[in-house]
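Step one of this worksheet: look at the structure below.
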Amino acid sequence: MGIVSLNSIVFSSLVGAATDQQASNPILGLLPLVLIFAAMYFLLLRPQRKRQKETVNLQKSIVEGDEVVLNSGIYGWVSAVEDEWLWLEIAEKVEIRVGKGSVARKVSVSAKPTE
């Protein structure tokens, strides 16, 4: 009986020590959550906001005469700019109206070449 009581005393003292150690540092329990949030911010949210700003700046900088590419792959020259729309000349005497949000990128800043 002496061995059983000695084992139970040692076991209870080890469990008590572990419980005291956990209770002393509650911040360490939150540290993984903070690290996960920080990683998500730098890997997902920050680059997405940067792309959104670049898209808004591109849409604001479009002027008549710019050659642009739409998200659908259509190339054309901007012939008129309205509030939310662009008139795009895609061939001689062929113009289409597209939303500014459909512009993927500018090809050049120079005006349409004259032939």
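What follows draws every value from the coordinates through simple rules; no lab data is involved. Just so it is clear, the model here is predicted, and its values are computed rather than measured. FYI the Cβ positions are ideal-geometry reconstructions off the backbone, even for glycines, and counts take in every protein chain you see.
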What the Cα atoms of region 20-110 span along the principal axes, largest first and in whole Å, is 82, 22, 21
The FRET efficiency for ARG105 and LEU35, from their Cβ-Cβ distance with R0 = 25 Å and rounded to 0.05, is 0.10
Length gained, ALA80-GLU64, 0.36 nm per residue minus C-alpha separation, equals 5.2 nm
Computed on Cα atoms, the radius of gyration and Dmax of region 66-110 in angstrom are 9.3, 24
